[in-house]
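J.: Quick one: the structure is below, and I'll ask about it shortly.
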Amino acid sequence: MNFTKSWRAMLLLGGMCVITGCSSLGVEPWDRDVLAKDEMQLVSAPLDASLDDHIYFSKEASSGGRGFGGGGCGCN
Amino acid sequence: MSKPNNKRVSATLATATCALLGATPSAPVHAQELDKWDFDTALLYYGEDGDRVTDASLSLLATRKLVDDRSLTLGLSVDALTGATPNGALQQSVAQTFTHPSGNSAFTVPAGELPLDDAFRDTRVALSAKWQQPLGRLYTLSVGGDVSNEYDYTHLGVNAGLSRDFNQRNTTLSAGLAYSSDEFDPVGGTPAAFSPMLDVGDLSNRTGAETKDVLDVVLGISQVINRNTVVQLNYSYSNTEGYQTDPYRVLSVIDGSSGDPLARTPAPGVEGPSHVFRFESRPDTRTKHSLYTLAKRYFGGKVLDVSYRYMTDDWEIDSHTLDMHLRWPIGARQYLEPHVRFYTQSAADFYTVSLVDGQALPAFASNDYRLGDFDAVTAGLKFGFKMRGDHDASLRLELYQQRGTISSAQLVGNQVGQVAYPDLDAVIAQFSYSF
């Protein structure tokens, strides 16, 4: 995959989303009752997520995505 | 003309405002703390079958929320690692003797068994801190740092993130930057690339500690779709410069026609390797790109969380990860959360199961199973329940399985049918308590 292209495409998508498209999506501030629940946060269980990231970083060749690449271990 | 009493005017306005909002006026809030610390704690057990790696881990996240949406999060994690890990040498039909990484002693692996280095024992302590606060009305800034230490490894990292809300906070753009500097000081020293495993007491192929630096950049957008749905898309770039070889891992040197390991004889009166093994070597640069998407949807009290990640790097590894959680409430105070995760990766271009005697050494080679071609599945279940005082507890049990393949082009002579990818089965058990 050409990542320079995909990066540009994502920036373009983000820019367009901010300016036009996504402004029709979303909810009014008083309709956020469900979105405000703990279980609806993007990372709803931070400790589970960081433990999983550490396990998979140690056992697979990929890491990160949700956040930074993680690591910080010799991990054999 | 008398000077207006500002305090009285303020108090009157506050009372009037509170009356309009239906609240009672309270004492003025200065820049001080709300309530107290929140703690998330977890005990985790990770165990691989066949006497391989076991990790017992204790983790703590302490969060202090302050006024004006500012917060401080401190993390502590202690891991106790024991067990054995494949050392890269091939399983053979004869017994094989190896020198321990320390160079102080030797160990023998029986015929037909996968060579594991059983001297694997370590304690890791990791600390982290993160400060988050709004900047103006629409921006949020976070800065953090982390440090970890093992017997042979030290990590120092800093990170920062900035996000901005748009469209009545329905769209958020974010950017993050992390930099880390790590030092690897292997037991017995760092072996020179492709140098042979030597007899006990001979450390002439070893040098001192090695370092690596990692730069991570994450750009993201999250979007509220409707009252019940939110989505996220992240692009991540990661660049590592420095030592990325596993100093404890070797490759078997084989005969080019039979595929059998090349025997060697230790010096008289000294223990040492029974066969020729060379320490592995990896490139000292690696650049990774990944795209990550997440969708969360609430329906009838349940929450479905689905994410997908594509990663590619200049070691020619491509991977796909699909992860799904479904939180299913049972009454008002309990829930069940099944979890499945599918992962697949292609092998690094220098993934090699053995080196052929008499052939020129490649630029890089490693038989680390984690750089091979494999699929992995995780399946698990979490049970969560609310306790008195709104304390939360949960139990999580998961099974993790890796199944790999070695391309037939890699296998020589007798290796066919004898050499297999070191498949992995592990259990993950976790107890969490938040208060």
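J.: Residue by residue through segment B:320-330, which ³J(HN,Hα) values in whole Hz follow from phi under the Karplus form 6.51 cos²θ - 1.76 cosθ + 1.60 (θ = phi - 60°), with glycine and proline marked x?
T.: 10, 10, 10, 10, 9, 10, 10, 8, 10, x, 10
J.: Figure the gain on full extension for B:Ala56 and B:Arg164 (residue separation times 0.36 nm, minus the Cα-Cα span) and round it to one decimal in nm.
T.: Taking 0.36 nm per residue and subtracting the Cα distance, the gain is 35.0 nm.
J.: Each residue of segment B:59-68 in order: what ³J(HN,Hα) in whole Hz does its phi give by Karplus 6.51 cos²θ - 1.76 cosθ + 1.60, θ = phi - 60°, with x for Gly and Pro?
T.: Rounded to whole hertz, the list is 10, 9, 10, 10, 10, 10, 8, 10, 5, 6.
J.: How high is the FRET efficiency between B:Val416 and B:Asp318 when r is their beta carbon distance and R₀ equals 25 Å, given to the nearest 0.05? Don't skip to the end; give the middle numbers.
T.: Working: r = 27 Å, r/R0 = 1.07.
The value I calculate is 0.40.
J.: Nearest 10 degrees is fine. How inclined is helix B:6-21 to the longest principal axis of chain B, computing both from alpha carbons?
T.: Once rounded, one gets 80 degrees.
J.: Distance in nm between label sites at B:Tyr139 and B:Leu74, each 7 Å beyond Cα in the beta-carbon direction?
T.: Reported label-point gap for B:Tyr139 and B:Leu74 is 2.9 nm.
J.: Oh, and also: Taking the simple approach of a point 7 Å from Cα along Cα-to-Cβ for both B:Ala129 and B:Val427, what is their distance in nm?
T.: Between B:Ala129 and B:Val427, the simple spin-label model gives 4.0 nm.
J.: A further question on this structure: Kindly provide the helix-only [θ] at 222 nm of chain B, computed as the sum of -39,500 (n - 2.57) over DSSP H runs of four or more divided by all residues, to the nearest 500 deg cm²/dmol? Walk me through the numbers before you get to the answer.
T.: Values: 1 runs with 16 residues, N = 435.
Computed ellipticity for chain B at 222 nm equals -1000 deg cm²/dmol.
J.: Sticking with the crude label model, points 7 Å out along Cα→Cβ, report the distance from B:Thr207 to B:Leu43 in nm, one decimal please.
T.: Rounded to a tenth, the inter-label distance reads 4.5 nm.
J.: Report the full-extension gain for the segment B:Ser102 to B:Asp284: residue separation times 0.36 nm, less the Cα-Cα distance, to one decimal in nm.
T.: Here the segment from B:Ser102 to B:Asp284 would lengthen by 63.2 nm.
J.: Using a cut-off of under 20 Å, list every residue of segment B:76-95 whose amide N is near the label point 7 Å from the Cα of B:Ala393 along the Cα-to-beta-carbon line.
T.: none
J.: Under a GNM of chain B (C-alpha, springs under 10 Å), which listed residue has the highest mean-square fluctuation: B:Thr211, B:Thr312, B:Thr265?
T.: Between B:Thr211, B:Thr312, B:Thr265, it is B:Thr265 that shows the largest mean-square fluctuation.
J.: How large is ³J(HN,Hα) for each residue in segment B:371-381, as worked out from phi by the Karplus curve 6.51 cos²θ - 1.76 cosθ + 1.60 (θ = phi - 60°), to whole Hz, x for Gly and Pro?
T.: Running phi through 6.51 cos²θ - 1.76 cosθ + 1.60 with θ = phi - 60° gives 9, x, 8, 8, 10, 9, 10, 10, 9, x, 9 Hz.
J.: Where does the charge balance sit around B:Ser238 when Lys and Arg score +1, Asp and Glu -1, over other residues with C-beta under 9 Å from its C-beta?
T.: Cβ neighbours under 9 Å give a net charge of 0.
J.: Percent relative contact order of segment B:36-434, based on C-alpha pairs within less than 8 angstrom and at least six residues apart?
T.: 14 percent
No value in this document is a laboratory result; all are computed from the given coordinates. Just so it is clear, the model here is predicted, and its values are computed rather than measured. Positions of Cβ are backbone-derived with ideal geometry, glycine not excepted, and every protein chain shown enters the neighbour counts.
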